[in-house]
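**Student:** Right, I'll just put the structure down here and ask away after.
The values are calculated or read from the model by the stated rules, or taken from the named source; none is laboratory data. Everything numeric here is computed off the predicted structure, so don't read it as measured data. Glycine also receives a Cβ, built like all others from the backbone with ideal geometry; neighbour counts cover every protein chain displayed.
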Amino acid sequence: MDKGRGKSAKRVFIGLPVPLVLQERVAEFRREHPALPLRWIEPENLHVTLIPPWSCSELEPICETLSLAASHCSPIELSFRSVTSSHGRHKHALLWATGHALPPLLQLYRELRDLLGDLNLEKRNFLMHLTLARFRPQQAGVDGCYRVNLPVEWKAECDRLSLYLSHLKPSGAEYRVLSEALFSSR
């Protein structure tokens, strides 16, 4: 596969789009915490990242890989247990929902990494999280973070895998689904 270093390369990543029921839970959480000066992620942009962004100019083989991986997988349960804030060591800090990745999700992650192995993808362990909002550390106070650690019980079943285009803008990243593959209904 092309390593994506050409002029027409796009910044892409692979993720699980958040089902509507989970989008509604996030919207409810947002309404319950109006005082936090956060830049909330739009509902249609909520996703769980499996393979972080990389530069790619040949999309067709990636779309085929998505279809192959999805054909081996039943719908995946997403389960989030807490909403926490990240530390503000960087330009932006995050408010995210975290949970435990169940074995089918970890298996899908490993299969995708194996199938995309020749792309020189960023090496990082999978962290089950859903970014809800971003904030600038200087807005959060002296230590650069909001102290948020709230329990939640959010569960939903995801039925598809998506290839996203990530367009970086000063106001934050914008995402567009380039390709989707439905999980098998075994």
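**Student:** I'd like to know if segment 16-29 contains one or more residues that are part of a strand (DSSP E or B) and modelled with pLDDT of 95 or more.
**Tutor:** So far as segment 16-29 goes, yes, one or more of its residues are part of a strand (DSSP E or B) and modelled with pLDDT of 95 or more.
**Student:** Filter segment 18-48 down to residues that are in contact with a strand residue (DSSP E or B) (Cβ under 7 Å, 6 or more places away or on another chain) and charged (D, E, K, R), then give me how many there are.
**Tutor:** Of the residues in that region, 3 qualify.
**Student:** Go through (1) touching a helix residue (DSSP H, G or I) at 6+ places or on another chain (Cβ under 8 Å); (2) at pLDDT below 95; (3) farther than 23 Å from Glu174 by Cα; (4) not aromatic (Phe, Trp, Tyr) for His92 and report which single condition fails.
**Tutor:** (3)
**Student:** Give me the residue from segment 63-76 that is of a type in the set (Gly, Ala, Ser) and part of a helix (DSSP H, G or I) and, out of that set, farthest from the chain's Cα centre (by Cα).
**Tutor:** By that ranking, first place goes to Ser71.
**Student:** Name the residues in segment 99-137 that are in a strand (DSSP E or B), in contact with a Leu (Cβ under 8 Å, 6 or more places away or on another chain) and not polar (S, T, N, Q), would you?
**Tutor:** Hits for segment 99-137 are Leu130, Leu132, Ala133, Arg134, Phe135.
**Student:** Six or more apart or on different chains, Cβ under 9 Å: which pairs go from a residue in segment 161-172 that's within 10 Å of Val12 (Cβ to Cβ) to one that's in a loop (DSSP other than H, G, I, E, B) and aliphatic (A, V, I, L, M)? Could you list them?
**Tutor:** Hits for this filter: Ser166/Ala173.
**Student:** Of all residues in segment 135-186, count the ones that are in contact with a His (Cβ under 8 Å, 6 or more places away or on another chain) and at pLDDT 85 or above.
**Tutor:** 6
**Student:** Given (1) outside any strand (DSSP E or B); (2) in contact (Cβ under 8 Å) with a residue 12 or more places away in the chain; (3) of a type outside the set (S, T, N, Q), where does Glu60 come up short, assuming only one miss?
**Tutor:** Answer for Glu60: the failing condition is (2).
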